[in-house]
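Working notes for the structure below.
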Amino acid sequence: MEMQMNFIRRLPMPIEIKEQFPLGEEIRGIKEQRDKIIKDIFEGKDSRFLLIIGPCSADNEDAVMEYMTRLAKVQEKVKDKIFIIPRVYTNKPRTKGTGYKGMLHQPDPEQDEDMLAGIIAIRELHTRVVKETGFTCAEEMLYPENHRYLSDLLAYVAIGARSVEDQQHRMLASGVGIPVGMKNPTSGSIPVMMNSITAAQSKQKFVYRGWEVASEGNPLAHGILRGYVDFHGNCYSNYHYEDLRNLIEAYHNTDLKNPSVIVDCNHANSAKNYIEQIRIAEDVLHSCSVSGEIRQLVKGLMIESYLEDGNQAIGDGVFGKSITDPCLGWEKSERLICDIADWLR
């Protein structure tokens with residue numbers, strides 16, 4: 001029986017998009033410099049704290065750029081203690097497979113899906129962020145085959161809780177050349193997360209975009225703690241002192257390089273109560289302050305933040321308010337960044 005899919009059109013290869021929308025030497029230089037700093041942080045050569053912060057989804061170019069412009073000014077204030085990697089997440093997983101799936105699918109959330117326009121829109125957005133703010137950004141690797149459309153621009157990649165057990169995600173993570181955060185799965189299993197880190201740090205041979213490819217392994221692959229959900233839909237956190245001590249022990253039982261974790265302050269850790277991110281950040285920093293081992297393990301935090309508090313329905317029209325998960329608004333975000341800098345010694 002034939003596949004029940006309509007093949008709409010052939011999309012350009014990543015190399016074709018990169019040739020059509022090339023990067024200048026200035027952008028390449030910024031990425032190289034920032035990649036070196038981020039690598040040094042994960043290897044323990046730079047003591048600065050990472051902050052991966054920004055909208056749940058990059059749904060509107062003008063609002064994202066307004067946010068990034070403000071964020072760049074705050075980065076300048078805290079640059080001695082905090083190194084910011086903005087979230088520019090342009091493809092979003094949907095638990096039920098329906099709804100807004102990000103700029104990659106819909107450059108305009110109120111219009112129909114258009115993947116070709118989406119590929120161009122996300123490359124232009126990431127390029128604009130680097131040009132106008134000097135930031136290179138973080139993305140979620142929702143679709144491994146799409147990574148190369150942005151691979152010359154990104155600073156950091158996260159593998160989501162629903163993707164972390166997938167073999168293709170794990171193997172591609174082994175060859176992307178930048179830090180990759182492997183989230184604990186929705187079940188909360190730390191062994192599954194550790195297995196995914198092991199796979200990403202290992203040499204791999206696999207099929208990618210019609211090629212047989214070989215990777216050297218990614219020593220900067222690490223864990224992201226994001227909480228978990230039980231069989232009844234109840235949220236449980238995993239950012240506490242005891243959780244971090246247990247993760248140290250889990251790393252001790254492996255030969256993994258650069259033992260590291262990023263704590264995701266939202267998702268199941270906050271039960272998607274965005275305001276809780278402030279308290280969770282302070283809790284993690286307190287753990288860091290009382291344990292040198294935990295401070296060495298915790299390389300930073302992940303926070304969902306936008307111009308306005310909360311979220312809205314598509315079409316409500318509030319500039320800079322999330323149309324996916326609720327986010328911390330700008331005033332609270334700026335205050336939190338400054339408070340984190342004060343916490344750090």
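For the reader, a short list of remarks on this structure follows.
- Residues (within 23 Å of I178 (Cα to Cα) and crowded, with 22+ Cβ neighbours inside 10 Å) located in segment 234-265: L247, S260, V261, I262, V263, D264, C265
- Condition met for I248 (assigned to a helix (DSSP H, G or I) and within 30 Å of G217 (Cβ to Cβ)): yes
- Extreme residue, farthest from K81 (Cα to Cα), among residues of segment 272-319 that are of a type in the set (G, A, S) and touching a Phe, Trp or Tyr at 6+ places or on another chain (Cβ under 9 Å): G310
- Check on Y274, crowded, with 23+ Cβ neighbours inside 10 Å and over 30 Å from M194 (Cα atoms): no
- Tally of residues being without any contact (Cβ under 8 Å) to a residue 40 or more places away in the chain and farther than 20 Å from K332 by Cβ across segment 63-79: 1
- Selected residue (only one of R170, R148 is part of a helix (DSSP H, G or I), basic (K, R), at pLDDT 95 or above and surrounded by 20 or more Cβ atoms within 10 Å (Cβ to Cβ)): R170
- In segment 4-15, the residues that are within 15 Å of G118 (Cβ to Cβ) reach residues that are assigned to a loop (DSSP other than H, G, I, E, B) with C-beta atoms within less than 8 angstrom, at least six apart or across chains, in these pairs: P14/S151; P14/R209.
- Cβ-Cβ under 7 Å pairs, at least 6 apart or on other chains, segment 137-160 side more than 17 Å from E19 (Cα to Cα), far side outside any strand (DSSP E or B) and of a type in the set (F, W, Y): E139/Y89; E140/Y89
- For segment 56-89, the set of residues classified as assigned to a loop (DSSP other than H, G, I, E, B) and either farther than 21 Å from Y274 by Cα or in contact with a Cys (Cβ under 6 Å, 6 or more places away or on another chain) (or both) consists of C56, K79, D80, K81, V88, listed by residue number.
- Taking segment 284-299 as the range and being crowded, with 23+ Cβ neighbours inside 10 Å and farther than 17 Å from H240 by Cβ as the test, only K299 passes.
The values are calculated or read from the model by the stated rules, or taken from the named source; none is laboratory data. This is a predicted model, so every value here is computed, not measured. In this analysis, Cβ positions are derived from the backbone assuming ideal geometry, glycine residues included, and neighbour counts consider all displayed protein chains.
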